[in-house]
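Heads up, the thing below is written out as structure tokens.
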Amino acid sequence: MKIAMLGYGKMGKKIEELAQAAGHEFILKIDLDNRHTLTPESLRQADVAIEFSEPASAVENIKMCLTNGIPIVSGTTGWLEQYSTITALCKKENGAFFYASNYSIGVHLFRNINRQLAKLMDSQPDYQPQLTEIHHTQKLDAPSGTAITLAEDMLSEISDKDKWSNESSKDAATLSILSERIDQVPGTHRIDWKSAVDTIRLEHIAHSREGFAKGALTAATWIVGKNGVFGMKDMLGF
């Protein structure tokens, strides 16, 4: 499989390492220094594109792939206000677009457990939830895309909360998301349900970037030959 890597940072390099071990070929490795080499002609040599760039570049990268018939797997967060525009373009071009804020299979198992716990806790008003996400200092957006997804899953199950805020809030209708940035932390997401007498904690800790890279490469292999808008639940069968 020939892969165009759009965004050749730490995640891109880890994906390349796994791709080469699996016998795949990187035909493009695009970063800020060589973005001028990303053209429709160079892109069309690829079977699939994997996009881990920056919020400012992600939308144009995805559009270029879709308008040139290249399936694309994106993991860049911080641009989702334009998600509906991208999905509409994908349908118009009969393209293939796969998006996840997090490609770790463990995170998606965690997400399902989180939603079930929130549904259970909705009948326990003595417990109040708080979400904390911790990432490396190079992560540009806050809260993380995964934290937002986890929060929205919780809000769909909690009857007395209708919004989230990226700060500690005393508003009873607001779910607080606290963001911390610590050097060399791949990603931690923690959900605390606190009462006056105890705390129930649900936590996922990534030990390295390998789990994210493996999931993205699996998605790239899976999407080739398909048409439509997909996510991890489609690939994993949740």
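The values are calculated or read from the model by the stated rules, or taken from the named source; none is laboratory data. This structure is a prediction, so every number in the text was calculated from the model and none was measured. For neighbour counting, all protein chains shown are included, and Cβ atoms are generated from backbone atoms with ideal geometry for every residue, glycine included.
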- Determine which single condition Ala118 fails, assuming it passes every other condition in (1) at pLDDT below 95; (2) in a helix (DSSP H, G or I). (1)
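Please tell me if Ile50 is outside the structural domain of Thr146 (by TED's automatic domain parsing), within 22 Å of Thr149 (Cβ to Cβ), without any contact (Cβ under 8 Å) to a residue 60 or more places away in the chain and crowded, with 17+ Cβ neighbours inside 10 Å.
So Ile50 fails the test.
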- Task: Name the strands (runs of 3 or more DSSP E) wholly inside the range 174-238 in which the number of residues that are over 21 Å from Ile105 (Cβ atoms) is 2 or more.
- Result: 174-181, 187-194, 199-206
- Scan of the range 13-26 for residues that are surrounded by 16 or more Cβ atoms within 10 Å (Cβ to Cβ) and not in a helix (DSSP H, G or I), ordered by number: His24, Phe26
- Message: Can you say whether Leu80 is under 25 Å from Lys10 (Cβ atoms) and without any contact (Cβ under 8 Å) to a residue 24 or more places away in the chain, as far as the supplied structure shows?
- Response: no
- Task: Collect the residues in the range 57-86 that are in contact with a Phe, Trp or Tyr (Cβ under 8 Å, 6 or more places away or on another chain) and either assigned to a loop (DSSP other than H, G, I, E, B) or loosely packed, with under 15 Cβ neighbours inside 10 Å (or both), keeping them in residue-number order.
- Result: Pro71, Gly75, Thr76, Tyr83
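Any idea how many residues of the range 144-173 are assigned to a loop (DSSP other than H, G, I, E, B), surrounded by 19 or more Cβ atoms within 10 Å (Cβ to Cβ) and not polar (S, T, N, Q)?
Residues that pass the stated criteria total 1.
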- Positions within the range 192-212 being modelled with pLDDT of 95 or more and surrounded by 14 or more Cβ atoms within 10 Å (Cβ to Cβ), in sequence order: Asp192, Trp193, Lys194, Ile200, Leu202, His204
- Test Asn94 against the stated conditions and say whether it is closer than 28 Å to Gln184 by Cα and either at pLDDT 95 or above or not assigned by TED's automatic domain parsing to the domain that holds Leu202 (or both). no
- The listed residue being outside the structural domain of Met11 (by TED's automatic domain parsing) and under 22 Å from Ala219 (Cβ atoms), out of Ile70, Ile86, Ile113: Ile113
- Item | Index of the failed condition, Phe98 passing every other in (1) loosely packed, with under 14 Cβ neighbours inside 10 Å; (2) under 13 Å from the mean Cα position of the chain (by Cα) | (1)
- Item | Checking Arg115 against (1) within 18 Å of the chain's Cα centre (by Cα); (2) crowded, with 17+ Cβ neighbours inside 10 Å; (3) not aromatic (Phe, Trp, Tyr), the condition it does not meet | (2)
